[in-house]
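Report on the structure given below.
The values are calculated or read from the model by the stated rules, or taken from the named source; none is laboratory data. These numbers come from a predicted model, not from an experiment. Cβ placement follows ideal geometry from the backbone for every residue including glycine, while neighbour counts extend to all protein chains displayed. Protein only, heavy atoms only, side chains kept; ligands, DNA and RNA dropped before computing areas. Shrake-Rupley method; radii C 1.70, N 1.55, O 1.52, S 1.80 Å.
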Amino acid sequence: MNKYLEYQNYLKEYPSKDGYFGEYGGRYLTPELNKAMDEVETAYRTICHSAQFINELRRIRKEFQGRPTPVYHCERLSRLLGGQTQIYLKREDLNHSGAHKLNHCMGEGLLAKYMGKKKIIAETGAGQHGVALATAAAYFGLECDIYMGEVDIAKQAPNVTRMKLLGANVVPVSKGLKTLKEAVDAAFEAYLNEYEDTIYCIGSVLGPHPFPMMVRDFQLCIGEEAREQFIGMTGLLPDAVVACVGGGSNSIGMFLPFVADPVEIYGVEPLGKGSGIGEHAASMAYGTKGRLHGFDSILLQNQKEGEPDPVYSVASGLDYPGVGPEHAFLHDKGRVNYITALDDEAMEAFFLLCRYEGIIPAIESAHALAGAIKLAREGKHASILVNLSGRGDKDIDYVVEHYGTGEEFLKNLETK
């Protein structure tokens, strides 16, 4: 039996009506927030198949975002790695505002206008979601509050400046580790007090139903475009598709259009400094089923207390102690292979792409490329299509401060 046949109607079958992907997902909130989520779900289901909504979003993507983004063949990098495997990039870094995040932010902004909301609020880690949402707010004429951990504010100063230039109010979060998880906590708390006039625009395929479904739907354009473009370029499907996984929005958008194809799919998680608690954010590799921020998924958590473990990644957009419920489901089904990349492996990929292809990637995206480089060195695939989910303008000050401009780092890596 063709093992891909069961995925032919996947998007129609999942999630269930109450927001589950198998045993993951759902909605566990206070009565007040449940009421707000019911309103969002009803509005989305009302307009998601509306020709008016769909056509307006298509117009925005073409005229404002600059979609479709291209697929690019990394000839020099492929040759450096031996030439047996050809690496291609889906260039989401060329999407307006510099990353894939605008795909769902413009959809959520359009939904907010339909619902008559005056403000949109969100969390951000690397700042790309914050920039994208601030962009959407400016486009639609909405107020915008962005909650961001103080650690990430320091690491991602260029994106903080962009958000403020676009008119957003950046709210520093000083609790806990002062990173993405705490930013989500703060944004949820604020939403509880403002939901009548506000919509919370979650930045990934996580959170309570309907957000994993909504964000996924808005991000499917990545894989839909990439599949058509790759076949147009080569006449074939890629052997493998690769994307980084934090919460998992860029990757789910890239993966699902290939889920019924005979294609290997790889999600790359951040292994950070190693496998110890607090050294990484590799939920699939080291997590267990749990509940966080109103949904069930695979989490890094203290087994005795049920609290999230501290997490770390050189990439601010990947340091979340869980993963989207659909990723947990695809992991359990064995359809997606989840692998890891260390900080140093991601930074090697970062510098190699700079030097050999003239592209400065986001550190998050460099994790995906690091996974592809590992696969290329193994020589198992003739072609690998990588989602380059964002550009690295936001990271260059941090990179230069901690890794220099690449010469010494690559030299030291070679001697290890």
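What to note about this one:
- Residue satisfying all of: in region 198-246; among the polar types (S, T, N, Q) and over 17 Å from the mean Cα position of the chain (by Cα); farthest from residue 375 (Cα to Cα) among these: 198
- Residue 217 vs. criteria at pLDDT 95 or above and surrounded by fewer than 21 Cβ atoms within 10 Å (Cβ to Cβ): yes
- So residue 126, is it farther than 20 Å from residue 63 by Cα, part of a loop (DSSP other than H, G, I, E, B) and modelled with pLDDT under 95: yes
- Test for residue 224: is it in contact with a helix residue (DSSP H, G or I) (Cβ under 7 Å, 6 or more places away or on another chain) and among the acidic types (Asp, Glu): yes
- Restricting 139, 114 to residues that are assigned to a helix (DSSP H, G or I), closer than 17 Å to residue 64 by Cα, aromatic (Phe, Trp, Tyr) and open to solvent by 20 Å² or more (accessible area, probe 1.4 Å) narrows the list to 139.
- Boolean, residue 85 is closer than 28 Å to residue 323 by Cα and β-branched (Val, Ile, Thr): no
- Residue that is modelled with the highest pLDDT [pool: residues in region 163-203 that are open to solvent by less than 40 Å² (accessible area, probe 1.4 Å) and assigned to a loop (DSSP other than H, G, I, E, B)]: 168
- Highlighted here are the helices (runs of 4 or more DSSP H) found entirely within region 1-88 that include at least 1 residues which are open to solvent by less than 60 Å² (accessible area, probe 1.4 Å), touching a strand residue (DSSP E or B) at 6+ places or on another chain (Cβ under 6 Å) and touching a residue at least 40 places away in the same chain (Cβ under 8 Å): 75-80.
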